[in-house]
Amino acid sequence: MAHLCFQVLSTSFFTPKPQIPVLLSPGAACIKSIHQYRYLYLKAMQDDKFSTPPCDESKVRVPHVLTVAGSDSGGGAGIQADIKACAARGVYCSTVITAVTAQNTVGVQGVNIVPEDFVAEQLRSVLSDMPPNVVKTGMLPSTGIVKTLCQSLKEFPVQALVVDPVMVSTSGHTLAGPSILDSFREELLPMADIVTPNLKEASALLGGVPLETIADMRSAAKAIHDIGPRNVLVKGGDLPASLDAVDVFYDGISSNFLRSLGINWNDFYEFRSSRIMTPNTHGTGCTLASTVAAELAKGSQMLSAVKVAKRYVEAVLSYSKNIAIGGGCQGPMDHLLKLKSNVERRPFDPCDLFLYAVTDSRMNKKWGRSIVDAVKAAIEGGASIIQLREKEVETGDFLEAAKACLKICRVHGVPLLINDRIDVALASDADGVHIGQSDMPAHVARALLGPDKIIGVSCKTPEHAQQAWIDGADYIGSGGVYPTNTKENNKTIGLDGLKTVCVSSKLPVVAIGGIGMSNAQAVMRLGVPNLKGVAVVSALFDRECVMTETRKLLEVLKESTKIAK
Ligand SMILES: Nc1ncnc2c1ncn2[C@@H]1O[C@H](COP(=O)(O)OP(=O)(O)OP(=O)(O)O)[C@@H](O)[C@H]1O
Ligand SMILES: Cc1ncc(CO)c(N)n1
Ligand SMILES: [Mg+2]
């Protein structure tokens, strides 16, 4: 007999609701929806499927959403939007394709419905082998497909079902005709944990009632709730352009229950964001529903999942408002906005290390200039990379200076690095960091900064240099080559020590420590191919005119490369 026990949870997984007996099978995840409870209970009565599964603690659980939807060849909506939204939210996404559409930014040119039995086969493949936490549905173009899906969900219950009742594309093309409405009302919606109609879809589900105002949306949400889904979100993307983008959320079960306890519960929530003026709104609905599903899969409660999803859609719309893809009037969004800034950043070039200017707050103070003025002058003089080394500046001021310097650096295509402070580098979106042997290990910095940012590590020995390579550093700063007073207790390694570090590593090296006009050529004449340049502090910044000194040093360095040739 199945190993079954019942437990009463005082708070539920999604929205507050009556105390529901939750079915637990030892070793298996908690079953969290009343629908699942019903199906699982009946199923467990029939067979012995819920015996303890083998448990391997070395395996990492990955939140997983299965989307059952149509393909959009334009990549902005449907399956493609679902995969991108889940990826952006850190959730695995499997796919069952119900239709293939020929679609672009102009409209829908064609729809090819996948045969019902092949939809069933895809469902069986995924559900029987890799059970998702949450199923999200989009375009379900035939009654047969809706019924097949409902049957599969009864056979393979999941934690939550998110239904986006896709019917008409924004361009006005029918994606699922009125014939599916009965199966939606009778079978799918009563199984749903949330249904997310837009204004037209809400109207269709209610037999064509006109919906124009937020008050109408509230009535519609309540009426749709009566059909059976546990939560309803009526989306207001199609409200008049003069209004905010308001979505109305309704959760009737909880309100009735709490009212019965004498608690006055607000059963409507308005999710409001300012309307972003952009033509790139194709796929907002798919994205919203997938993000709700992704957040539920991670373990969020329903209300938090909707809140995060709404914020995410707003952020993506705002980020994508000016992108130009296609010649039609409704473009797609760019879901992976977080990755975008890395694409725009010029990749690190070891030649950037040629004239490496390192700022110093004491020197700037002494000469009465701001960090930003110092950086501007060094860049105008020809510095090829800048490092902000600001040991005595308050964090807030450091961040502001970093942001201001970054603007200047971006204009000139000069990378900006932050010394030691990974937090400041992250907050300012600087190009990278330079860290010492006693700072956070480079591999930890790499994990925090991601694959694209530049990481430099100070190395005095071949062992340091080898570790820097292993840790994923991009370059080595090696010194002090000569005695210096910008760093206390800094052992001088000399030209020999510098050469030893260079030859022990594949990484590009910049020499540092007491280097200036008089000795830069001697350093560069070492002639090791991975020694790419010199890093200087006092020789530029402990002088009256930073730009002049930088120019002079640049000439000296250029001269040394001619001599080397
Ligand atoms: N211009 C906008 N600015 C801000 N938010 C918007 C805008 N347009 C839509 N939204 C939001 O996007 C989400 C999706 O709503 P919408 O009504 O556009 O869905 P839909 O019509 O199903 O979309 P789709 O084009 O994918 O079918 C909602 O949260 C809505 O408020
Ligand atoms: C395939 C597909 N699903 C959903 C929508 C709704 O945006 C669309 N346009 N295309
Ligand atoms: Mg839609």
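The values are calculated or read from the model by the stated rules, or taken from the named source; none is laboratory data. Remember, predicted model here, so these are calculated numbers, not experimental data. Cβ coordinates were reconstructed from backbone atoms using ideal geometry, including for glycine residues, and neighbour counts include every protein chain displayed. Accessible surface areas use protein heavy atoms only, side chains included; no ligands, DNA or RNA. Shrake-Rupley method; radii C 1.70, N 1.55, O 1.52, S 1.80 Å.
Observations on the structure shown:
- Matching residues, the stretch 126-148, being assigned to a helix (DSSP H, G or I) and open to solvent by less than 70 Å² (accessible area, probe 1.4 Å): V126, L127, T143, G144, I145, V146, T148
- Test: residue in the stretch 491-503 that is assigned by TED's automatic domain parsing to the domain that holds L554, out of contact with any strand residue (DSSP E or B) (no Cβ under 6 Å at 6 or more places or on another chain) and within 22 Å of P415 (Cβ to Cβ): no
- Subset of the stretch 335-347 [open to solvent by 40 Å² or more (accessible area, probe 1.4 Å) and either at pLDDT 90 or above or within 16 Å of ligand 2 (Cβ to nearest atom) (or both)]: none
- Helices (runs of 4 or more DSSP H) within the stretch 466-565 that include 1 or more residues under 23 Å from H443 (Cα atoms) and open to solvent by 20 Å² or more (accessible area, probe 1.4 Å): 494-503
- Hits in the stretch 401-454 (condition: under 20 Å from the mean Cα position of the chain (by Cα) and of a type in the set (S, T, N, Q)): S428
- Matching residues, the stretch 466-489, being over 20 Å from I386 (Cα atoms) and either among the hydroxyl-bearing types (S, T, Y) or in contact with a Lys or Arg (Cβ under 9 Å, 6 or more places away or on another chain) (or both): W469, D471, G472, Y482
- Residue in the stretch 309-322 that is β-branched (V, I, T) and either open to solvent by less than 50 Å² (accessible area, probe 1.4 Å) or part of a helix (DSSP H, G or I) (or both) present: yes
- Taking the criterion of being in contact (Cβ under 8 Å) with a residue 40 or more places away in the chain, under 15 Å from the mean Cα position of the chain (by Cα) and within 10 Å of ligand 1 (Cβ to nearest atom), the residues of the stretch 295-312 that qualify are K310, Y312.
- Verdict on V126 being touching a helix residue (DSSP H, G or I) at 6+ places or on another chain (Cβ under 9 Å) and touching a residue at least 24 places away in the same chain (Cβ under 8 Å): no
- Filter pass, A204 being of a type outside the set (D, E), touching a helix residue (DSSP H, G or I) at 6+ places or on another chain (Cβ under 6 Å) and more than 22 Å from A293 (Cα to Cα): no
- Total residues in the stretch 149-179, condition assigned to a helix (DSSP H, G or I), at pLDDT below 95 and not polar (S, T, N, Q): 1
- If the condition is being within 14 Å of ligand 2 (Cβ to nearest atom) and in contact with a helix residue (DSSP H, G or I) (Cβ under 6 Å, 6 or more places away or on another chain), then the stretch 169-196 contributes I180, T196.
- Enumeration of residues in the stretch 159-174 that are surrounded by fewer than 24 Cβ atoms within 10 Å (Cβ to Cβ) and of a type in the set (A, V, I, L, M, F, W, C): M167, V168
- Qualifying residue in the stretch 102-110 (condition: open to solvent by 20 Å² or more (accessible area, probe 1.4 Å) and in a helix (DSSP H, G or I)): no
- Test: residue in the stretch 70-79 that is open to solvent by 20 Å² or more (accessible area, probe 1.4 Å) and of a type in the set (A, V, I, L, M): no
Residue by residue, here is whether (1) open to solvent by less than 30 Å² (accessible area, probe 1.4 Å); (2) touching a residue at least 12 places away in the same chain (Cβ under 8 Å); (3) farther than 28 Å from A468 by Cα holds:
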residue	(1), (2), (3)
L353	yes, yes, no
V372	no, yes, yes
S384	yes, yes, no
E394	no, no, yes
D429	no, yes, no
M440	no, yes, no
H443	no, yes, no
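- Counted as qualifying within the stretch 180-294 are the helices (runs of 4 or more DSSP H) with 1 or more residues that are within 16 Å of ligand 1 (Cβ to nearest atom) and buried (at least 18 other Cβ atoms within 10 Å of the Cβ), namely 199-205, 214-227.
- Candidates L188, L161, L199: the one that is within 12 Å of ligand 3 (Cβ to nearest atom) and among the aliphatic types (A, V, I, L, M) is L199.
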